[in-house]
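The values are calculated or read from the model by the stated rules, or taken from the named source; none is laboratory data. Please read all numbers here as calculations on a predicted model, not as lab measurements. Methodologically, a virtual Cβ is constructed for each residue, glycine included, from the backbone with ideal geometry; neighbour enumeration extends over all protein chains shown.
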Amino acid sequence: MRALEIAFKDIKTVVRDYKALTLIIAMPLILIVILGAALAPMFSKEDRIATFKVAFVDLNGGDIGTYVRQVFTSEELKDLITLVDAATEEDGRDLVLKGEAACAVIIPEAPSSTSPQDSLEIKVLGDAADSIRPEIVRGIANVFASQYSAVYAATGNVVEAVMRAAAQAQVALSSEDLSGLASKVADSVTEKTLKSRTVLAQSAMETTWISSAQYYTAGMSTMFVLFGGMLGVKSIIEERKMHTMARLFATKATKADILLGKTLATFLICLLQLLVLIGFTWGVLRVDWGGPVVAVLGVAAAMAFASTGFAMFIGSLAKTERVADGLVNASVQLMALLGGCAMPIYAFPAALHFVSQLTITRWGLQGFLSIMEGRGLAGALQPMLVMGLMGAVYLGFGLKRIRLE
């Protein structure tokens, strides 16, 4: 109960601080509008995605591999994808890990039986740090696999219909006749399937397309929530400096009550800040945050928790408010730069992709972008879990070291 009283007291203090509200609400909104308009050309459909390499592993060695290769080397995809052959799945994985390919496409081995495959599952291996290019390839592969299954079903239905008609007409059909008919039907349907590859490529790219307004709305929200977290922790530093912490202890509040109250206040400040930014940009600026809503709220809560942990960590290191400001300004600016809040992630070299994964901002941004790209809650789960882990580590270290007096 005392922890809740402490938390609400700190929240009311922040709400009455117009200077603080300007920093955590007005400033990101201004930057969203400016950056979204100024850097819109970087997100044009023509410039956004440069040609990238895809490792191609054909374990099938038959017509299926040939058909898939035709799709990825088609006229519509030649300016987007370059295939690099790899002998085994491990070779393809190595090319991805070394940064020599954006992802690897694995065509499965043919079944041991002589009967054709009734379904096809094409495996796509991608770098978790790259949320764009592997999804394009995965979308194309999934659509092709679905259409392959449709070809198989159509072939079987036609052959069955011919067999029934032949039986009624009392016409004998040899196995060679049926095999030839099935082959002709499959070739005809497959040819029409391959002609639809333009739709495959365009639909895959459209599902991953986001605007500059969406990108910088997510980026600035992710960046400034880290500043918002410091507002709750600064009350500890200020009360420690003014020697007013004794008043809280005089109310019979324990150290655990105070730390819990301060932590809860910081978390709620961060969460409310994100909810205001999300609501305003969606309702007024018409920014599409994607869905479902539970996924957006989940990423917001995970980001607020990570920001709370980071703020407590900074509070445990800083003895004065000036030192805290210096630490948070330097660290947040660095995380914003490395995490992709200032410069689009897709433009990063391979080395920076790895370093950026060590920042809270990268995972917060990736979580929101995954939802905006249409991947829903499943696409946001990994960023949410990573932010939860980062927040727990920062929070544990901060609470252990922070001084109240």
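Give the stretch 279-323 a look and list any residue that's among the polar types (S, T, N, Q) and not in a helix (DSSP H, G or I), or say none. Passing the criteria: only Thr320. Contact map, the stretch 246-258: first residue more than 18 Å from Gly398 (Cβ to Cβ), second residue part of a helix (DSSP H, G or I) and at pLDDT 65 or above, Cβ cut-off under 6 Å, separation 6 or more or different chains; pairs are Leu248/Ile258; Ala253/Arg2. For Ile269, state whether it is among the β-branched types (Val, Ile, Thr), surrounded by fewer than 21 Cβ atoms within 10 Å (Cβ to Cβ) and in contact with a helix residue (DSSP H, G or I) (Cβ under 6 Å, 6 or more places away or on another chain). When the stated conditions are applied, Ile269 does not pass them. Answer with yes or no whether Val328 is at negative phi, in a helix (DSSP H, G or I), modelled with pLDDT under 90 and buried (at least 20 other Cβ atoms within 10 Å of the Cβ). Yes; evaluated as a whole, the condition is true for this residue. Consider Ala304 carefully, then state whether it is among the aliphatic types (A, V, I, L, M), buried (at least 23 other Cβ atoms within 10 Å of the Cβ) and touching a Cys at 6+ places or on another chain (Cβ under 9 Å). When the stated conditions are applied, Ala304 passes them. Quick one: is Leu35 at pLDDT 80 or above, part of a helix (DSSP H, G or I) and on the phi < 0 side of the Ramachandran plot? Against the criterion (at pLDDT 80 or above, part of a helix (DSSP H, G or I) and on the phi < 0 side of the Ramachandran plot), Leu35 does not qualify. Scanning the stretch 301-340 for residues that are more than 22 Å from Leu268 (Cα to Cα) and in contact with a Gly (Cβ under 7 Å, 6 or more places away or on another chain) turns up just one, Gly340. More than 16 Å from Gly290 (Cβ to Cβ), assigned to a helix (DSSP H, G or I), modelled with pLDDT of 85 or more and in contact with a Cys (Cβ under 7 Å, 6 or more places away or on another chain) - does that describe any residue in the stretch 350-364? Yes, the conditions are met somewhere in the stretch 350-364.
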